[in-house]
Structure formats: structure tokens, C-alpha cells
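Contents: one structure, followed by commentary.
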Amino acid sequence: MPVCITGATGFVGAHVTVAFLEAGFPVHAAVRSPDDAEKTAPLREAAERTGTALTFFRADLGEPGSFDAAAEGCEAVVHVAAVARLTAPDPQRQIVDPAVEGARTVFEAATRGGARRVVLTSSVAAIGSYRDSQGQPLTAAHWNDGATLQTDPYGLAKTQAERLGWAMAESADWDLVTINPCMVLGPVLAPRHAKASPSIVRDVLKGSFPANPKIAFGIVDARDVAAAHVAAVDEPSVSGRHLLCAGTRWWRDIAVLLAEAYPERGIRRWQLPNVAMYAAALTSKRMSMANLRDILGRVPHYDGTVAPGQLGLTYTGIDQSIRDTAESLIRLGLA
Ligand SMILES: NC(=O)c1ccc[n+]([C@@H]2O[C@H](COP(=O)([O-])OP(=O)(O)OC[C@H]3O[C@@H](n4cnc5c(N)ncnc54)[C@H](OP(=O)(O)O)[C@@H]3O)[C@@H](O)[C@H]2O)c1
């Protein structure tokens, strides 16, 4: 039976879709733009290469009933789509509603379509903030109940969407598994993926900042995240939440690694004073002051050691993920 995957044309969703096709699962890809040749190309290529059936369905998180056709007759629904932005002029309408009401629409489609399992791409943002992780490493047992619309709309959205999933699973015919990754790196499969989390590596390669912000990241490879989603569908015994994090790196560590890999690029190795980041946040569409106050100068402590054993994974080395991200960006002419 096929698997329905939402957000299949996004950075994480494309890796997840390719992994399901490679594992031999026919895929119903529920996407906003099934006719966009550039966005769908990596998925079509994977279907052709593997000989596995891939069918596109048009669906939007803002339209009730939109995912019903894609989910019909699927054994599992893998819900990857969300607005992956930290900040927006109207965060309730632009970040929280698509995540929470969109998830409700997808969960209802799973019920109507007869799925036995729903896998939700949640996040460490639903587990806790950098500040929360300072006293103790955060695990899959923690929840980010401190996120508010003002301080962390993305964390609020991911927490509320996941909590909704667990609440609906109690009375549904499907059971829920969540995958909670930290920042995802790995090869970009289509040009638009460079705007998602790989944008950090692109920023370093392009010298977008005069120096390296004092920001650290928990990192996991997109191919491991994808394999986790497949295991969550393929293994009936898998249950619960799964925090994926292979380790941490400072922004500057990424710069030093890439400066050595690409000496001709003159990548800057020095540290940017925090005050310059706060000044940049005043006019940035990607950063918010509240988010910077949480993450600047702090190493996040997310315990990603449990999930690999439960899901049968071995993490890709972080340096390998960073190099593969960079190589793909350069190959596609994006950096
Ligand atoms: N990247 C990370 O570091 C990271 C870490 C933890 C969790 N996650 C989670 O992973 C998931 C994918 O994120 P990503 O990093 O891959 O970002 P992304 O590339 O921006 O992907 C987001 C996906 O959601 C889809 N989407 C957005 N709004 C939609 C709407 N109104 N209706 C239907 N689809 C909509 C997008 O569709 P289009 O393709 O048409 O734009 C895209 O496929 C999200 O749930 C995110 O919270 C990501």
C-alpha cells in the first residue's frame, strides 16, 4: 500500500520521499505545486531510478479536506509540511495556523483514508529552547511549553501541532510516531532547498556575514532523518518521540571546516561580536531579536543518543554532512 507524504518538495520532505521510494514504497506526494518541474525533478528522478510508483496530488495546509485524496487508501501518512520560518509579520496566521490547523487537516485525512500510522516531522523546537537545555540535556521526554507567539512562534507552532497529534491519536485508528530533528544539513536536491536550513552553509560559502556569529547548532543529516521516517513506517514496534541530533558545531567551526575544504574562497574564520548580530536582527526577515537572545553564545544540549538504537540508524558524521551540503550547493550553482 502507498505512503502519503506531505511537503514532499521541501528540503527534508524531498529526502524523506526519495528514501521511501528507494525502500520500495509507492508514494502519494501531497504538494502545493505538482506542476513545478524544478521542485518535483528530484522526486521524479528517484521514482524513475528505483522503478517505484510516485503520484502527485495538489494539497494546501490552509484548505480543509485538501489532503483527503492523497491519503485515501494509504497505509501511512507522513506529515512533513510546515512553514519552517522563525519569524513573520503575522506569526499566528503565517506560522502557527498552517502548522496546527494544517496538521489537523492532515490527521483528519489520515483517519478518513484508513491509515494505520501517522509519522509527524516535529522538531527539537517542540522539545525545548537553547535556554531550556542549559541545565540538563533535553530528551524526548521534554516539551517546549515556554514558547509564545512573541518569543518563539515556530517553537509554539511545532509544540501545538505535535500535541494535537498525540491528542487525536488517542481516539484514532492510527498510531502516531514523531521524529524530532535538530538542524538538518545534507545535500540540497533542488535549488529552493538552499533557502531552508542549508542556508547556513550557503551563507558561510558566500561570505554573507562579515564574520561568524557566535551561534551553535545541533546538527543531523537529512539522509538520517529520512531513514528515521522510513523506519517509523516500516517497523510496527517503533513508537513515541524520537529526538535526532548527531552533535553540535559553532557557526565558526563550519566556517573553519569549509575554509580548509575550499581555500580559494577566502572564507572568513573570525568571530562576529554579538552586538552586530542584534543590529542585523533589527532589519532581518529571517532572524528575530527574541530568537537571538535565546541562542547567541549558547551551545544547545539535545540528547540524540537514544533514537538511533530505536530506529536502527547510525548517524552520518557532522563534518561529512557539512561538506556534502557545501558540495551540493556549489554543484547546483547556488553558492
Ligand atoms: N530543516 C530543519 O533544520 C528542520 C529541523 C527540524 C524540523 N524540521 C521540520 O521539517 C519540515 C520540513 O522543513 P524544511 O526544513 O524541509 O523546510 P522547507 O524546505 O521550507 O519545506 C517546507 C515544506 O512545507 C510545505 N508547505 C509550506 N506551507 C504549505 C502549505 N500552506 N500547504 C502545503 N504545503 C506547505 C512546503 O511546500 P513547497 O515545497 O510548495 O514550498 C515545503 O514542501 C517542517 O515540518 C520543519 O518544521 C526542519
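Only the coordinates and a few stated rules stand behind these numbers; no lab work does. Small disclaimer: the values here were computed from a predicted structure and weren't measured. Neighbour counts are summed over all protein chains in view; Cβ atoms, including those assigned to glycine, are modelled from backbone coordinates with ideal geometry.
State whether the range 155-243 is rounded, prolate or oblate according to the following rule on the C-alpha gyration tensor (a ≥ b ≥ c being the square roots of its eigenvalues): a/c under 1.5 gives rounded; otherwise a/b larger than b/c gives prolate, and the remaining case gives oblate. Display every interim value, and only then the final one.
Working: a/c = 2.91, a/b = 2.06, b/c = 1.41.
Prolate, because a/c is 1.5 or more and a/b exceeds b/c.
Looking only at the range 53-91, which residues have a backbone nitrogen under 15 Å from a spot 7 Å from the Cα of Thr283 in the C-beta direction?
Nothing falls inside the zone, counting backbone N under 15 Å.
Give me a comma-separated list of calculated 3J(HN,Hα) values for the range 6-23, in order, Karplus coefficients 6.51, -1.76, 1.60 applied at θ = phi - 60°, integers in Hz, x for any Gly or Pro.
With the stated coefficients, the range 6-23 comes to 8, x, 5, 8, x, 4, 5, x, 5, 5, 4, 5, 4, 5, 5, 5, 5, 7 Hz.
Take every DSSP beta bridge with both residues inside the chain and express the antiparallel ones as a percent of the total, to the nearest 5.
Expressed as a percentage, antiparallel bridges in the chain total about 10.
Counting only C-alpha contacts under 8 Å and six or more residues apart, can you give the relative contact order of the range 3-331 as a whole percent? It would help to have the intermediate numbers written out before the result.
On the way: 712 pairs, mean separation 63.1, N = 329.
The value is 19 percent.
What is the Rg over Rh value, at two decimals, for the range 21-93, using alpha-carbon atoms and the Kirkwood definition of Rh?
Looking at the range 21-93, the ratio lands at 1.02.
Let me have the 222 nm mean residue ellipticity of the chain computed from DSSP H runs of 4+ only, each contributing -39500 (n - 2.57), with the sum over all residues rounded to the nearest 500.
Numbers: 12 runs with 130 residues, N = 335.
Computed mean residue ellipticity for the chain: -11500 deg cm²/dmol.
When Lys and Arg each count +1 and Asp and Glu each count -1, what net charge do the other residues less than 14 Å away from Gln310, Cβ to Cβ, add up to?
The answer is -3.
Helix 153-169 against the longest principal axis of the chain: what's the angle in degrees, Cα atoms only, rounded to the nearest 10?
20 degrees
To test your reading of the geometry: what angle, between 0 and 90 degrees and rounded to tens, separates the Cα axis of helix 97-113 from the longest principal axis of the chain?
The answer is roughly 30 degrees.
What spacing in nm lies between the two simple spin-label points modelled at Gln92 and Met1, each 7 Å away from Cα in the Cβ direction?
3.9 nm
Please give me the summed charge of the neighbours of Ala226: other residues whose Cβ is under 14 Å from its Cβ, Lys and Arg +1, Asp and Glu -1.
Around Ala226, the surrounding residues sum to -4.
Just how far, in whole angstrom, is the range 198-242 from the range 56-83 if you go by their alpha carbon centroids?
Measuring centre to centre over Cα atoms gives 23 Å.
Compute the distance in nm between two label points, each set 7 Å from the Cα along the Cα-to-Cβ direction, one at Ala276 and one at Arg49.
3.9 nm
Taking Rh as the Kirkwood radius, which is the inverse of the mean 1/r over Cα pairs, what is the Rg/Rh value for the range 3-331? Write out the running numbers ahead of the final one.
Numbers: Rg = 19.0 Å, Rh = 19.9 Å.
Ratio of gyration radius to Kirkwood radius: 0.95.
Which whole-number percentage describes the relative contact order of the range 240-335, with Cα contacts under 8 Å and a sequence gap of 6 or more?
39 percent
Give the shape of the range 280-335 as rounded, prolate or oblate, defined through the alpha-carbon gyration tensor: a ≥ b ≥ c are the square roots of its eigenvalues, a/c under 1.5 means rounded, and otherwise the shape is prolate if a/b is larger than b/c and oblate if not.
Because a/c hits 1.5 or more and a/b fails to exceed b/c, the range 280-335 counts as oblate.
Once R0 is set to 25 Å, what does the formula 1/(1 + (r/R0)^6) return for the Cβ-Cβ distance between Glu235 and Gln150, expressed as a FRET efficiency to the nearest 0.05?
Computed FRET efficiency for Glu235 and Gln150: 0.05.
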